[in-house]
Amino acid sequence: MQRSGSLAPAARVFLRNWLVYRRIWYRSLFFGFLQPFMFLTAMGVGLGGLLVASRAAFGGLDYIHFLGPGLLAATAMQVATFESTYPIMNKIMWGRNYEAMLSTPLGTRHIVLGELGWIGFRLATVAAIFLVVLTIFRITATPIALLAVPVTVLTGWGFSASLIAFTATQRNDLGFSWIFRFVINPLFLFSGTFFPLTQLPAPLQVAAWATPLFHAAELIRGLILNRLDPATAPLHLLYLVVFAAVGVALADRNLARRMRA
Amino acid sequence: MVYRHQWIVIASGVVEPVLYLFGIGLGIGGLVGGVQLADGRFVSYAAYVGPALLASAAMNGAVFETIFNVFFKLNYAKTYEGILATPMGITEIALGEMLWALMRAALYAVAMLVIMAAMGLILSPLAILALPAALFISAAFSAAGLAGTSYLRTVQDFDIPMGLIVQPMFLFSGTFFPITAYPLPIQVFMHLTPLYHAVNLIRGLMTGILGWGQAWDFAYLAAFFVVFMWLATRQMERKLIK
Amino acid sequence: MPAASDALVRARSLTKRFNAFTAVDGIDFEVPAGGSFGFLGPNGAGKTSTMRMIACASPVTSGELRVIGMDPRTDAREIKARLGVVPQIDNLDQELTVRENLEMYARYFDIPAAVARQRASELLEFVQLAERAKDQVEPLSGGMKRRLTIARALINEPELVILDEPTTGLDPQARHLLWERLYQLKRRGATLIITTHYMDEAEQLCDRLVVMDKARIVAEGSPRQLIDQYSTREVLELRLPDADRGRRNGQLDGLADRIEELPDRTLLYTDDGERALDAVHARQIPVESALVRRSSLEDVFLRLTGRTLVE
């Protein structure tokens, strides 16, 4: 099936999510603002107060400048993860939404593209609000920071697609506890969001290097603070593109298998 | 009554406070010189943040078991309808969840104590009292969760207790840094939150501070437990009558 | 392009296997255009698997299947555009309102929004849910949800509507309302395929049907033809005192064309039930209760498989 023929049907899957979301958008925006605001106040200002003597470890930055952009990357991961686990399982099994969609001309590929389009939209709004908060804390350096929005979306697509692929193989929600506990939370804490990888023992540094969140955090931090390293930035971007592409291929394959049984 | 809780899932929940201990305690701790305690002593950041993570884990476990599980059982899980038809049902489910929350808290507390002891982060033999204290904290937050769950109508409503109460407390109750960092009015406000007292109590026990401050923490939490237990019972009875 | 025969669905040696389990075992059938076609059989007979293959939801393992003249393997999108599907378990969108369910589903078919709005209004009238249009789905009764699912299946003006166990789980009043709506739908010229394990439903709704058992088709015809072919005109149902069970052997011989012993009843198949009952009394056989009725598809199924439909 040619790509141009997939986008219009996928847009209808997107439209369905919009129909539901427009009832709660104000709540979503409110918490989208409140969360980074609270985090930056507590960890950035409060904890940062204990770290004033350690600027060197954070590349000469105030702690809050180090933390804020990293937190945006971590938020992309968390939002994408949440949206791609329980809600997707609901549409596969509990509410059977996909079964209903598949009895129309829509196919599983349209569903995957539509859901990812939706996640992309959600993450773009999350990133935009986040940039407003970062600007309030005077963390954004130049308009280049706006490029963090597409990078956030790309990061989210990687996590979202991988988790849709995972969810499509699950028969109940128990697996999600494991994913949250052993994948998402460790990434959240150890991927260079809260502290530089140099604080970790060497083997863990290598492991953290291999994670997608590290590359997302580095790239987003570079864009927001306008400190992008031209040598490594393309590598970070390439990693994220490959991560998303592999995820999309797996999601497409696994969902088709699941729904065709 | 038998609930099909997933033991392995609950047991693996131990990794959460432990991850935070390693991540924040050591990762950030390596960059923080030391933190001053209420009695003027300076301790390492990991020793400072560890007890707070234990108290927070007790709170999170309790809130999760009560708010989420009871909500889903009351509103969604069709398999429980049979049990729920009898007046015994809801109260038993509620108490059952509370019991689970206590077991969870006990498990997490023991794990944290062992790991912190191994890392040399326990500064006083009084730390052994942190175990009953964690159970007590768990009971208090379970009661609050039980009382709160009956006010929730849809899954989206969870945003409100989690986003407006639980998470702010986790961030601001002296968990990660001393509340002396705040201006005085905010410090006074923090003294009103239950997690602040829970953190203060456990931190006191694990660092060897036992005085009027801890007695006040205990009294606050006891009152908190009584009030919310009363409210929870009343709410459950109402739900039955309706 | 419609196939040479004017059948809307045509199956030859149609087979569905799940690993070692054979759900549908080489069945042949043709669903003619117009009227309603039934698949009658107990749970697990292979009806739902057959429906899922027709609806392009599940791939054919082997054999040939043509739906509206097309092959589900290659033309699934085109086929689905022209089908309406009412699944056994409701899959309405719980997060949308009644009206949104119809309009959104129309959008999945690429029906323009204005047309979708108008059709939704008409269909809500048709299934008598117009006053619930703005409600969420969840508080609706089972019968209302099923009617909404039927309305949703009609949003693309399908040539063929597939209904899998349409009244399972509904109370008698809701069932009769639904039957009446389906009858109206038939009168409008739609072709329906209905699966059911209720013989009264098959008799009420189906012009033609196949009887399925253990993944195979065991008989085919109109309800009347099947009854004429596999049963007698009437049935005498007797309840005999339990103590007599042992001694009954032979007592009833010659009173009917065929006798079936069920755990709770004895069925005597005969063209004149009253006369058989008189004969039972004449032989002074003790009877707790007796009932003469016309033969039904239940009797056909019992004859064909030796089992009752609802066990």
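The values are calculated or read from the model by the stated rules, or taken from the named source; none is laboratory data. Nothing here was measured: the structure is a model prediction, and the numbers come from that model. A quick note on method: Cβ atoms are made from the backbone with ideal geometry, for glycine too, and the neighbour counts reach across all protein chains shown. For the accessible areas, the whole protein counts, side chains as well, though only heavy atoms, and no ligand, DNA or RNA atoms are used. Shrake-Rupley method; radii C 1.70, N 1.55, O 1.52, S 1.80 Å.
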For the C:Ser141, B:Leu192 Cβ pair and Förster radius 56 Å, calculated FRET efficiency rounded to 0.05 is 0.70
Once all protein chains are kept in place, B:Asp39 shows an accessible area at probe 1.4 Å, nearest 10 Å², of 80 Å²
Low-density loop chymotrypsin sites (Phe, Trp or Tyr not before Pro), the range B:113-203, at most 15 other Cβ within 10 Å, DSSP non-H/G/I/E/B, are B:Tyr151
Those trypsin sites (Lys or Arg not before Pro) from the range A:156-261 that are DSSP loop and have at most 10 other Cβ neighbours within 10 Å turn out to be A:Arg171
Judged on accessible area alone, 1.4 Å probe, highest first, B:Trp100, A:Trp209 line up as A:Trp209, B:Trp100
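Relative contact order, percent, of the range A:173-227 when contacts are C-alpha pairs under 8 Å separated by at least 6 residues? Spell out each step's value before the answer.
On the way: 25 pairs, mean separation 17.2, N = 55.
Relative contact order of the range A:173-227: 31 percent.
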Put B:Tyr182, C:Tyr230 in order of accessible area, largest first, probe 1.4 Å, and you get C:Tyr230, B:Tyr182
Comparing A:Leu154, A:Leu29, A:Leu67 in a Gaussian network model of chain A (Cα, 10 Å), the one with the largest mean-square fluctuation is A:Leu29
To the nearest 10 degrees, the tilt of helix C:142-153 (Cα long axis) against the first principal axis of the alpha carbons of chain C is 50 degrees
Plugging the Cβ-Cβ distance of B:Val226 and A:Ala245 into 1/(1 + (r/R0)^6) at R0 = 51 Å yields, to the nearest 0.05, a FRET efficiency of 0.35
Of all trypsin sites (Lys or Arg not before Pro) in the range A:1-98, the ones in DSSP coil with at most 13 other Cβ atoms within 10 Å are A:Arg3, A:Arg22, A:Arg23
Taking a straight Cα-to-Cα line shorter than 16 Å from A:Lys91, and setting aside same-chain aspartates and glutamates fewer than 8 residues away, one finds A:Glu83, A:Glu99, A:Glu115, A:Asp173, A:Asp252, C:Asp90, C:Asp93, C:Glu95, C:Glu138
Checked the range A:73-113 against the a/c 1.5 cut and the a/b vs b/c comparison, axes a ≥ b ≥ c from its Cα gyration tensor; verdict oblate
Partner shielding of C:92-99, taken as the mean number of other chain Cβ atoms within 10 Å, equals 5
Reported to the nearest 10 Å², C:Thr305 has, with a 1.4 Å probe, an accessible area equal to 30 Å²
Here the range C:184-197 yields Karplus 3J(HN,Hα) values (6.51, -1.76, 1.60; θ = phi - 60°; whole Hz; Gly and Pro given as x) of 4, 4, 4, 5, 6, x, 6, 9, 10, 10, 10, 9, 7, 10
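DSSP beta bridges in the range C:7-222, what fraction antiparallel, as a percent rounded to 5?
Among the beta bridges of the range C:7-222, antiparallel pairing accounts for roughly 50 percent.
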Expressed as a whole-number percentage, the relative contact order of chain B with C-alpha contacts under 8 angstrom and at least six residues apart is 25 percent
Of all DSSP beta bridges with both partners in the protein assembly as shown, the antiparallel percent, nearest 5, is 65 percent
Length-normalised contact order of the range C:7-222, Cα under 8 Å, at least 6 apart, in percent, tallies to 30 percent
Given the candidates C:Ile68, C:Val24, B:Pro168, the one whose Cα lies deepest towards the positive end of the charge dipole of the protein assembly as shown, counting +1 at each Lys or Arg C-beta and -1 at each Asp or Glu C-beta, is B:Pro168
Rounded to one decimal in nm, the spacing of the 7 Å Cα→Cβ label points at C:Thr74 and C:Arg224 is 4.2 nm
Residue-normalised 222 nm signal for chain A, counting each DSSP H run of n ≥ 4 as -39,500 (n - 2.57), nearest 500 deg cm²/dmol, is -22000 deg cm²/dmol
Stretched fully, the stretch from C:Arg233 through C:Gln251 gains (0.36 nm per residue minus C-alpha distance, one decimal, in nm) 4.2 nm
At the level of C-alpha centres, the distance separating the range A:170-235 and the range C:35-94, in angstrom, is 46 Å
Expressed in square angstrom to the nearest 10, the accessible area of A:Thr75 with a 1.4 Å probe stands at 30 Å²
Once both label points are put 7 Å beyond Cα along the C-beta direction, the A:Asn226-C:Glu274 separation in nm becomes 10.4 nm
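Around A:Gly60, what is the net charge, scoring Lys/Arg as +1 and Asp/Glu as -1 over all other residues with Cβ under 15 Å from its Cβ?
+1
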Note to self: Kirkwood Rh of the protein assembly as shown, Cα pairs, one decimal, Å, is 30.9 Å
Here D for the range C:6-95, in µm²/s, from Stokes-Einstein with a Kirkwood Rh over Cα pairs at 37 °C and 0.692 mPa s, works out to 237 µm²/s
Rounded to one decimal in nm, the spacing of the 7 Å Cα→Cβ label points at B:Leu184 and C:Gln88 is 7.3 nm
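Under unit Cβ charges (Lys, Arg +1; Asp, Glu -1), what dipole magnitude, rounded to 20 debye, does the protein assembly as shown have relative to its Cα centre?
1600 debye
Shielding of A:188-201 by partners, i.e. mean partner chain Cβ atoms within 10 Å per residue?
Other-chain Cβ atoms within 10 Å of each residue's Cβ, averaged: 3.
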Taking every residue of C:47-56, the Cβ atoms of other protein chains inside 10 Å of its Cβ average out to 1
Quick note, chain B: a/c under 1.5 would make it rounded; otherwise a/b > b/c is prolate and the rest oblate (a ≥ b ≥ c, C-alpha gyration tensor); here it is prolate
